[in-house]
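As structure tokens, the structure follows; a few thoughts come after it.
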Amino acid sequence: MIQAPSIDDIQALRDSLGPAIYKTPLLRCAGLEAIMGGNTEIHGKLEFLQRTGTFKARGALAIVNSLSDEQRQLGVTAVSAGNHAIATAFAARTVGASAKVVMVSSANPARIDACRAFGGEVVLVDSVHAAFDVAEQIQRDEGRFLVHPFEGREVATGSGLVGLEIHEQCAAFDTIVVSIGGGGLIGGIANAIKKLHPGCEVIGVEPDGADSMHRSFATGEPQVIESVDTIADSLGAPFALPYSFELCRQNVDQLTSVSDEQIRRSMGVLFRVMKFAVEPACAASTAALLGPLRDQLLGKKVVLVMCGSNIDWQTFADQAILADSYAD
């Protein structure tokens, strides 16, 4: 049985982090409401305005703040498609540690540059599976602490801050929709939300090409997927792990999935009606709202967690379907 963070734990972390982390806005999304119709009320939790451009800074800072002085001197390492690498480099710099992070060679060059701008040393490898192997080798050879992208109590406490803020910013809501990579974000949010709003429905969204949590729920234990095939590379975790899986199993009410085309269309919709230029992972919650969850959530008060925006303009223009994709 895992020990889930309490609300007191989450509040204590917020006090310890202070101004290092932003309280991101919760914004009424009138443009999306016009598309949905049926008196649906939609709020977006704008985590893409967090430091480093994604929610990842919360968990990374929670981890590095918990390290001993001796461990900080040895430095940290991490595995990432980009966002977690940037957050780890940022967190390490905040506490005066060095960061050596492993990224896949297909990562967006803007993310690689952002990581280096925070002082991170970047090691490029060919696949996400190889990236975990290389990071573990760095951990063994150099004594660096592995800042995990989605597993562990500190990650869940950091992600729980998002749930605590939503509670403070929105007094009542029916459903919260969160994208899933490894499960660290939704696990932490769901744990906090269920403590504060027991009746709220928590729905997780995975891309079709990275469905480790679906497979894990189906079998009752964390599963590995053979390959990752999705435009939402930030959601491309190759496996689930025990702590985050158990938090999700206990607190997530429903899983759904979206196709890459649905994600690309939602990127276009968010730009057209909200003027948000976000990465594919960020658009996944909107894709679920306007796609498989549309009838189910009609007329409800919904919070969409919008997780990140580390994307350059050319890549956004290449990936987003900017045509009028939904009737409004």
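The values are calculated or read from the model by the stated rules, or taken from the named source; none is laboratory data. Quick caveat, the model's predicted, so the values are computed rather than measured. Positions of Cβ are backbone-derived with ideal geometry, glycine not excepted, and every protein chain shown enters the neighbour counts.
Step by step: first the residues of segment 190-205, then only those that are in contact (Cβ under 8 Å) with a residue 60 or more places away in the chain and under 17 Å from the mean Cα position of the chain (by Cα), then the one that is surrounded by the fewest Cβ atoms within 10 Å (Cβ to Cβ). Which residue is that?
Ile203
What's the number of the condition Leu270 fails, among (1) under 30 Å from Asp133 (Cβ atoms); (2) buried (at least 18 other Cβ atoms within 10 Å of the Cβ); (3) not charged (D, E, K, R)?
So the condition that Leu270 fails would be (1).
Just give me the residues in segment 138-176 being surrounded by 18 or more Cβ atoms within 10 Å (Cβ to Cβ) and of a type in the set (Lys, Arg), in sequence order.
Matches in segment 138-176: Arg144, Arg153.
Considering Ala60, Ala20, which residue is in contact (Cβ under 8 Å) with a residue 12 or more places away in the chain and outside the structural domain of Leu196 (by TED's automatic domain parsing)?
Being in contact (Cβ under 8 Å) with a residue 12 or more places away in the chain and outside the structural domain of Leu196 (by TED's automatic domain parsing) holds for just one of Ala60, Ala20, which is Ala60.
Is it the case, given these coordinates, that Gln319 is surrounded by 21 or more Cβ atoms within 10 Å (Cβ to Cβ) and either over 26 Å from Ile189 (Cα atoms) or without any contact (Cβ under 8 Å) to a residue 40 or more places away in the chain (or both)?
No, not satisfied.
Would you be able to tell me the number of residues in segment 175-231 that are of a type outside the set (A, V, I, L, M), under 12 Å from Ser257 (Cα atoms) and in a strand (DSSP E or B)?
Residues that pass the stated criteria total 4.
From the list Ala99, Ala60, which one is among the aliphatic types (A, V, I, L, M) and either more than 28 Å from Leu196 (Cα to Cα) or surrounded by fewer than 17 Cβ atoms within 10 Å (Cβ to Cβ) (or both)?
Just a single option satisfies the conditions, and that option is Ala99.
Which residue out of Ser127, Ser105, Ser98 is outside the structural domain of Val224 (by TED's automatic domain parsing), closer than 21 Å to Ala62 by Cβ and more than 19 Å from the chain's Cα centre (by Cα)?
After applying the criteria, what remains is Ser98.
Just checking, which of Thr77, Thr88 is farther than 16 Å from Ala281 by Cα, of a type in the set (Ser, Thr, Tyr), outside any helix (DSSP H, G or I) and touching a residue at least 40 places away in the same chain (Cβ under 8 Å)?
After applying the criteria, what remains is Thr77.
Any residue in segment 32-47 that is within 20 Å of Leu196 (Cβ to Cβ), in contact with a helix residue (DSSP H, G or I) (Cβ under 9 Å, 6 or more places away or on another chain), of a type in the set (Asp, Glu) and modelled with pLDDT of 95 or more?
Yes, that holds for at least one residue.
Pull up segment 145-167, narrow it to residues that are assigned to a loop (DSSP other than H, G, I, E, B) and either under 11 Å from the mean Cα position of the chain (by Cα) or under 16 Å from Ala12 (Cβ atoms) (or both), then point me to the one that is modelled with the highest pLDDT.
My answer is Phe150.
Which members of segment 273-299 meet the condition of being more than 16 Å from Leu27 (Cα to Cα), touching a Gly at 6+ places or on another chain (Cβ under 9 Å) and not hydrophobic (A, V, I, L, M, F, W, C)?
Hits for segment 273-299 are Glu279, Gly299.
Across segment 112-130, which residue is modelled with the lowest pLDDT among those that are over 12 Å from Gly82 (Cα atoms) and of a type outside the set (Ser, Thr, Tyr)?
Ranking the candidates gives His129 first.
For segment 65-79, how many residues meet the condition of being crowded, with 24+ Cβ neighbours inside 10 Å and in contact with a Ser or Thr (Cβ under 7 Å, 6 or more places away or on another chain)?
Going through segment 65-79 one residue at a time, the tally reaches 2.
Would it be correct to say that Leu304 is crowded, with 21+ Cβ neighbours inside 10 Å and either of a type in the set (Ser, Thr, Tyr) or assigned by TED's automatic domain parsing to the domain that holds Arg28 (or both)?
Against the criterion (crowded, with 21+ Cβ neighbours inside 10 Å and either of a type in the set (Ser, Thr, Tyr) or assigned by TED's automatic domain parsing to the domain that holds Arg28 (or both)), Leu304 qualifies.
Which pairs turn up if I take residues in segment 283-301 that are assigned by TED's automatic domain parsing to the domain that holds Gly204 and crowded, with 24+ Cβ neighbours inside 10 Å and look for partners that are modelled with pLDDT under 95 and not in a helix (DSSP H, G or I) with beta carbon separation below 7 Å, at least 6 apart in sequence or on another chain?
Hits for this filter: Ala284/Ala232.
Quick one: Ala232 ticks every box in (1) within 17 Å of the chain's Cα centre (by Cα); (2) under 27 Å from Ser6 (Cα atoms) except a single one, so which number is it?
All conditions are met except number (2).
Specify the residue that is surrounded by the most Cβ atoms within 10 Å (Cβ to Cβ); the eligible residues are those in segment 102-134 that are under 25 Å from Pro19 (Cα atoms), in contact (Cβ under 8 Å) with a residue 60 or more places away in the chain and not aliphatic (A, V, I, L, M).
Arg111
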